[in-house]
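Participant: Okay, here's the structure, questions in a sec.
The values are calculated or read from the model by the stated rules, or taken from the named source; none is laboratory data. Fair warning: this is a prediction, and the values are worked out from it, not measured in the lab. Cβ sites come from the backbone with ideal geometry, for glycine too, and all protein chains shown count toward neighbours.
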Amino acid sequence: MKEKYSSKFAIITDPGLNLIYTSIDGDIVHSLFLCNKASSSTTVSLAIERGTQTFFILKNYKIPKNTTYSIDKAINLIPGDIILVSGETLNAIDVSLGLLQFLPVYGENYTSYGVNIASSSWHLIYQCPENTTSNIHSFYIANVNDPSIAKVSIWIVDQNNDYYHLLKDTEIEPTATIVWNKPINLKANEAIYASSSNNRRSDALISMLELLNE
């Protein structure tokens, strides 16, 4: 598989969400650093905009003075995805992106899916396609409420329609993000769902490699 590496750098100079990068062909963000170079702590938000939807990875997360935040897991972008960053203190946050692009290879597809989890209803995050195995290598769940706690459940439904919880009414503190620290493998037609038992919004974004079964 042929690879192409690139980078993007920015300083947060405007209030609100600043456009940092727009994916043209689809990329993998394999590093992202948010450096607070100010002499006091500040809050930052990091989001992916996809069409009319926005998925927060960080929301009003506090970075101490002279400290750098680094994302823990890679994020797959699809064409048209936009990376947005905001900072409470202008000119205090420097953004550094490391990007990796794979040239298309038959049977392999790097992609991502997101959902705004806002109620106790079942929210489908992702279903593995027919004749495919999916390796989910990145899973972010961000509480976008402040100051409310979100109570989130995440579960897998298998090919027999049995379901198994990864999280059950797990409390996510305001401004906090859960980062799943191990891969999750899904077989064809297996799916991941989510709900919020106290109707507080959290955003889930998962990145995976889909492998066509030969």
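Participant: Identify, by number, the condition in (1) within 25 Å of Asp146 (Cα to Cα); (2) assigned to a loop (DSSP other than H, G, I, E, B) that Ala47 doesn't meet.
Facilitator: (2)
Participant: Same structure again: Of all the residues that make up the stretch 86-95, how many are crowded, with 18+ Cβ neighbours inside 10 Å and either over 14 Å from Ser45 (Cβ atoms) or of a type in the set (A, V, I, L, M) (or both)?
Facilitator: Residues in the stretch 86-95 being crowded, with 18+ Cβ neighbours inside 10 Å and either over 14 Å from Ser45 (Cβ atoms) or of a type in the set (A, V, I, L, M) (or both): 3 in total.
Participant: Mind counting the residues in the stretch 51-72 that are surrounded by fewer than 19 Cβ atoms within 10 Å (Cβ to Cβ), of a type in the set (D, E, K, R) and touching a residue at least 60 places away in the same chain (Cβ under 8 Å)?
Facilitator: 2
Participant: Now, a different point. Would you point out the residue of the stretch 149-188, among those that are among the aromatic types (Phe, Trp, Tyr) and assigned to a strand (DSSP E or B), that is surrounded by the most Cβ atoms within 10 Å (Cβ to Cβ)?
Facilitator: Going residue by residue through the stretch 149-188, those that are among the aromatic types (Phe, Trp, Tyr) are 155, 163-164, 180.
Restricting the remaining residues to those that are assigned to a strand (DSSP E or B) gives 155, 163-164.
Values: Trp155: 16, Tyr163: 12, Tyr164: 8.
For the stretch 149-188, the residue satisfying everything is Trp155.
Participant: If you don't mind, there's one more thing I want to ask. Is it true that Ile141 is part of a loop (DSSP other than H, G, I, E, B) and touching a strand residue (DSSP E or B) at 6+ places or on another chain (Cβ under 8 Å)?
Facilitator: Details: part of a loop (DSSP other than H, G, I, E, B): no; touching a strand residue (DSSP E or B) at 6+ places or on another chain (Cβ under 8 Å): yes.
In short, no.
Participant: In this structure, does Asp146 turn out to be assigned to a strand (DSSP E or B), not aliphatic (A, V, I, L, M) and not assigned by TED's automatic domain parsing to the domain that holds Leu77? If you could, list the steps in order and put the result at the bottom.
Facilitator: Working: assigned to a strand (DSSP E or B): no; not aliphatic (A, V, I, L, M): yes; not assigned by TED's automatic domain parsing to the domain that holds Leu77: yes.
Against the criterion (assigned to a strand (DSSP E or B), not aliphatic (A, V, I, L, M) and not assigned by TED's automatic domain parsing to the domain that holds Leu77), Asp146 does not qualify.
Participant: Can you tell me which residue among Ile83, Ile20 is surrounded by 13 or more Cβ atoms within 10 Å (Cβ to Cβ), within 15 Å of the chain's Cα centre (by Cα), under 19 Å from Leu205 (Cα atoms) and modelled with pLDDT of 95 or more?
Facilitator: Only one candidate passes the filter, namely Ile83.
Participant: Report every pair of residues separated by at least 6 positions or lying on different chains whose Cβ atoms are under 9 Å apart, first residue within the stretch 90-110 and closer than 19 Å to Ile24 by Cα, second among the aromatic types (Phe, Trp, Tyr) and modelled with pLDDT of 95 or more.
Facilitator: Ser96/Phe9; Ser96/Phe33; Leu97/Phe9; Leu97/Tyr21; Leu97/Phe33; Gly98/Phe33; Leu99/Tyr21
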